[in-house]
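Comments concern the structure below.
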Amino acid sequence: MTPLEEILHKRIAAEGPMSIAEYMSLCLMHPQYGYYPTRDPLGAAGDFITAPEVSQMFGELLGLCLAQCWMDQGRPETFVLAELGPGRGTLMADATRAMRGVPGMLEAARLHLVETSPRLRDEQRRRLGPLMPVWHESVADLPEAPLFLLANEFFDALPIRQFLRAGDAWAERVVGLRDGALRFGLTEPVAQAALAPRLADTSEGDLVETCAPAQGIAEELGRRIAAHGGAALIVDYGAERSLGDTFQALRRHERADPLAAPGEADLTAHVDFGALAEAAPCAHTQLTPQGLFLERLGITDRARALAAKLSGAALESHVAAHRRLTHPAEMGSLFKTLGFFPEGATPPPGLLT
Ligand code: SAH
């Protein structure tokens, strides 16, 4: 048993089954035994690899996309450049390196990072230290100012709840104990006001996922961008509407049972982009698949320029990275970009309009 498993067993024995959100929060964020606070999960030796770790091109293009938004909005003299869940700091390091080519931008930027893991904050400090970042526990703590923000594979880590439709009511999927082991179970169905709109597009036995923290964060970002200007680029895997069980565990690059080793595996769920867009009135209504987004931002030209300096194994891995980021069979269509920008402003380049 992992130390966290013992804690979970005791908690469930005392208080009864817990929601998947509570299980996910404890597994990912328990200060002593949680997944994120105890390790750097990224990279070949970790559990998963993200787009910025695949190639520098990802961060460069997202950085230039924000730079164009900053110019289109009249180059605000001081602004908050922010990232949610910056991991190793690679995305922001690549983005700001690209922004150096834009006169005045970095001078105007104040870097703010929202990150709960002390371990990953240390990694971020190593890469981004010279930019003097300020760390925050939550989006609510960011300063009120024009906000230009990136979030890659952040929203998928936020705790979800799952509901199974039974008539016009919903049974919640919970984590309980059976025969001394963690097991999924279902509560008695009850009406759920928040899920009333989903009665129109689901049928008996369908499972839907909700993520209240994600909606709260989207609302807060939307409010700030509408009030002060700015833009947000949210990249993640997911769909327009949540439907079906997407709760998953990854361990050493393999799918795992989410209940098998609490605290030792990364737990995620697909992002319900429709719910984010509804929570933030300044969200763009159309999602752009990652592959298309990067193509429209010029990844092929950038890939060619980098390829010119490479040969042998380095060239091969560069070509594979380009494919991995953009090809529909890899990250190109499962991953999507949602943009936020103020009403009347020019949309961020690359997004479908
Ligand atoms: N964006 C990075 C890392 C993705 S992993 C990349 O693309 O490589 C998810 C990141 O979000 C980690 O840095 C993790 O510590 C952070 N994170 C997860 N849940 C969080 C929360 N509730 N608040 C703040 N940061 C969180």
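Structure notes:
- Single unsatisfied condition, residue 40 versus (1) in contact (Cβ under 8 Å) with a residue 40 or more places away in the chain; (2) assigned to a helix (DSSP H, G or I): (2)
- Selection over the range 126-160 of residues that are surrounded by fewer than 22 Cβ atoms within 10 Å (Cβ to Cβ) and away from the ligand (no atom under 13 Å from the Cβ) gives a count of 9.
- Residue ID - nearest to residue 237 (Cα to Cα), chosen from residues in the range 302-330 that are touching a residue at least 12 places away in the same chain (Cβ under 8 Å) and open to solvent by 80 Å² or more (accessible area, probe 1.4 Å): 328
- Residues in the range 47-77 that are surrounded by 18 or more Cβ atoms within 10 Å (Cβ to Cβ) and of a type in the set (Gly, Ala, Ser): 51, 55, 59, 63, 67.
- Residue in the range 246-254 that is open to solvent by less than 20 Å² (accessible area, probe 1.4 Å), free of Cβ contacts under 8 Å to residues at least 60 places away in the same chain, closer than 17 Å to residue 336 by Cβ and out of contact with any Phe, Trp or Tyr (no Cβ under 8 Å at 6 or more places or on another chain) present: no
- Pair list, Cβ under 7 Å, 6 or more apart: the range 1-12 residue in contact (Cβ under 8 Å) with a residue 12 or more places away in the chain and surrounded by 17 or more Cβ atoms within 10 Å (Cβ to Cβ), other residue part of a helix (DSSP H, G or I) and of a type outside the set (Gly, Ala, Ser): 4/26; 4/27; 8/26
- Odd one out for residue 275 among (1) at pLDDT 95 or above; (2) part of a loop (DSSP other than H, G, I, E, B); (3) within 26 Å of residue 29 (Cα to Cα); (4) not acidic (Asp, Glu): (2)
- Residues of the range 149-173 satisfying the condition of being within 30 Å of residue 67 (Cβ to Cβ) and either out of contact with any helix residue (DSSP H, G or I) (no Cβ under 8 Å at 6 or more places or on another chain) or modelled with pLDDT under 95 (or both): 151, 154, 156
- Taken together, 140, 157, 193 contain a single residue that is free of Cβ contacts under 8 Å to residues at least 60 places away in the same chain and among the aliphatic types (A, V, I, L, M), which is 193.
Yes/no matrix, rows are residues, columns are (1) touching a residue at least 24 places away in the same chain (Cβ under 8 Å); (2) farther than 30 Å from residue 264 by Cβ; (3) part of a helix (DSSP H, G or I); (4) more than 14 Å from the ligand (Cβ to nearest atom):
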| residue | (1), (2), (3), (4) |
| --- | --- |
| 59 | yes, no, yes, no |
| 62 | yes, yes, yes, no |
| 67 | yes, yes, yes, yes |
| 74 | no, yes, no, yes |
| 81 | yes, yes, no, yes |
| 86 | yes, no, no, no |
| 93 | yes, no, yes, no |
| 97 | yes, yes, yes, yes |
| 102 | yes, yes, no, yes |
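The values are calculated or read from the model by the stated rules, or taken from the named source; none is laboratory data. Computed from a predicted structure; not experimentally measured. Cβ atoms come from the backbone with ideal geometry, glycine included; neighbour counts cover every protein chain shown. Surface accessibility is based on the protein's heavy atoms, side chains included, excluding ligands, DNA and RNA. Shrake-Rupley method; radii C 1.70, N 1.55, O 1.52, S 1.80 Å.
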